[in-house]
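One structure is given here, and the rest of the page talks about it.
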Amino acid sequence: MTIRVLVVDDQMMVREGFSVLLNAMPGIEVIGEAVDGRQAIAQVAALRPDVILMDIRMPEMNGIEATREIVASDADARVLVLTTFDLDEYVYEALRAGASGFLLKDASARQLAEGVRVVAAGEALLAPSVTRRLITEFATRAEPQRATASLSRVGDLTERETEVLVLIAQGLSNAEIAAHLVVAESTIKTHVSRILVKLGLRDRTQAAVFAYETRLVHPGG
């Protein structure tokens, strides 16, 4: 199936550049563009894309607010945040708002296409070490009240589910977790699904952020 993409950025050259790159990739089609978050929300409702490439700093409505509204609307679209530098505090807030990952704007065409495919498949763009560094950097700034409230939900997990959650936060894929725990990959997929349901989380990115906020995983851990 073709992955339908919406490109959201207030700079025309950026929108057109990403559109050209993605349309040249097999199995990916850019079906629309938006110049700010408010227009993005309207386009998501009208076009129903699979993946949204979302800039953060835009006029009218920024990418964080737009991501929060899109996720709250239960749209099936996954948000892939675009940023000019990796340690951008706004990126972490976008991840907390429900984005499935992020890419630097100077990513290669191959990296861009792979990022789109990863989040379209329901995975999170967590593997690069830079992503883990960003999450650990800003999750440590979580308000104590929020961390305490989140920690109470950890008790709903089994010991094995908690172990899997920690490994997710460390950036391991299902296959890598399965090898680490010496179980079938299908078993890990089941654990991940149960973790998301029990914690009321959208995807693996939110699970990773949750693990850091509750101090199940510590920076550098």
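Laid out as a table, the results:
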read-out: Hits in segment 41-97 - residues which are more than 16 Å from the chain's Cα centre (by Cα), basic (Lys, Arg) and farther than 12 Å from Leu6 by Cβ; value: Arg57
read-out: All positions within segment 68-92 that are at pLDDT 80 or above and over 19 Å from Val118 (Cβ atoms); value: Arg68, Glu69, Ala72, Ser73
read-out: Neighbours by Cβ (under 8 Å, 6+ apart or cross-chain): first from segment 190-206, more than 15 Å from Glu123 (Cα to Cα); second outside any helix (DSSP H, G or I); value: Lys198/Asp156; Lys198/Leu157; Leu199/Asp156; Leu199/Leu157
read-out: Only one of Gly171, Gly200 that is surrounded by fewer than 17 Cβ atoms within 10 Å (Cβ to Cβ), modelled with pLDDT under 90 and not assigned by TED's automatic domain parsing to the domain that holds Val118; value: Gly200
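The values are calculated or read from the model by the stated rules, or taken from the named source; none is laboratory data. As the structure is a prediction and not an experimental result, all values here were calculated from the model. Neighbour counts run over all protein chains shown; Cβ positions are idealised from the backbone, glycine included.
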